[in-house]
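A short reminder: the numbers here are calculations on the coordinates, not readings from a lab. All values reported here derive from a predicted model rather than from experimental measurement. All Cβ positions, glycine included, derive from the backbone under ideal geometry; neighbour counts span all protein chains shown.
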Amino acid sequence: MTERTILGMLTPSSNTVLEPTTTAMLDGLDGVTAHFSRFKVTEITLSEHGLAQFDHGKFLAAAELLADAKCHAIAWNGTSAGWLGFANDEALCARIMKGTGAPATTSILANNDLFRRHGVKKFGLVTPYTGDVQARILDNYGAAGFDCMAERHLGISDNYSFSEISQDQVEAMCREVAAEGAEAISIICTNMRGAALAAKLEDELGITIYDSISVVILRALELAGLDPARLQGWGRIFNA
C-alpha cells in the first residue's frame, strides 16, 4: 500500500468552498488526502457573538477529532487571526500541537510566513469582509511591517454568502489592487473562490497571488514532510 499523508483541516461550519478546493488541489498527489472537522462559524463581525465563535476551546474539540485520524499535520483553514491578531493563531497552534501531537498551522500564519520568505513588503488585500473587519486586518499587517498599497472588500458579514461571490468579482478586485501598485496580492478568506484563479491572474498581472486556501495547503504539506513543488498548476507559491 502506498504510504499515506493525512492532512487535517479545521473548517468553518458554513464554508462550502475550502473542502472541494482543497480536495481538487491535492487530487494529483498520490497518497495525500485532506480530512475536515467543522465547528460553528456563521458570521464575520467584531460583535461579541462574532468574536466568540473563535474561542480556542471550539478549535481544540474539533482538532481532537482529527487527531483520531492520525493526521500528519492539522491546519486552521480560516483567517480569524487577520482581525483577532496574529498572536492568537500562534497560541492556537501551540495548543493544538500540545493536545494532539500534530504540527499545526493556519491560513494567516502560512500567508505571513510566505510573505517573509519571499520578501513581500507592499501588498494588495482582497476580502469579502466589512469595513471594520478590513481595518483590523490592515492594522495587524501594518504592525507586522507589511504595507498594504491597495485594498478591496465587499462589505459582507454572512460567512455562507462569501461562497456566492463570483470568480469574475474576485478577478476584478485583484486587477484593481494590482493597478494601484501592489507587488503581491493576498486573497484573505477561505470561503471565496481565489485559489483556482491564481495562475491565470499571475500570468496576466505579473505578481504573485497568496490565496488563503492555497497557502495553508502549502504549509500543511511542508509540516507533513512533503515538497509543495509537487503541486502544480495552482500558482507561483508552489514553485518559489
Cut-off under 5 Å, modelled amide H: who pairs with Thr208 long-range: Ile185
Karplus 3J(HN,Hα) series, Hz, for segment 75-84 with 6.51 cos²θ - 1.76 cosθ + 1.60 (x for Gly, Pro): 10, 7, 7, x, 10, 4, 5, x, 9, 7
Reachable lysines, given that their alpha-carbon falls under 28 Å from the alpha-carbon of Lys70 and they are not under 8 places away in the same chain: Lys40, Lys58, Lys98
Burial ordering of Met192, Met173, fewest other beta-carbon atoms within 10 Å first: Met173, Met192
In Å, descending, principal axis extents of the Cα set of segment 110-211: 33, 31, 24
Cα-centred dipole magnitude for segment 110-211, charges only on beta-carbon of K, R (+1) and D, E (-1), debye, nearest 20: 300
Two-site label geometry, Lys58 and Ala240: point separation in nm, points 7 Å out along Cα→Cβ: 3.0
Contour minus Cα-Cα distance for Asp30 and Ser166 (0.36 nm per residue): 45.9 nm
Residue-span extension gain [Asp203 to Asp147] - 0.36 nm each, minus C-alpha spacing: 17.8 nm
Distant-in-sequence amide H partners of Thr106 (H built 1.01 Å from N, under 5 Å): Trp76
Gaussian network model of the chain, Cα within-10 Å springs - most flexible of Ala144, Ala184, Ala73: Ala144
Whole-angstrom gap from segment 180-216 to segment 40-93, using each part's C-alpha centre: 23
Net charge dipole size for the chain [Lys, Arg +1 and Asp, Glu -1 on Cβ; Debye, nearest 20]: 520
Charge dipole magnitude, Cβ of K and R +1, D and E -1 - segment 25-114, Cα centre, debye nearest 20: 200
Ranked Leu92, Leu29, criterion: other C-beta atoms within 10 Å, fewest first: Leu29, Leu92
Proxy reagent accessibility, fewest Cβ within 10 Å first, across Glu204, Glu171: Glu204, Glu171
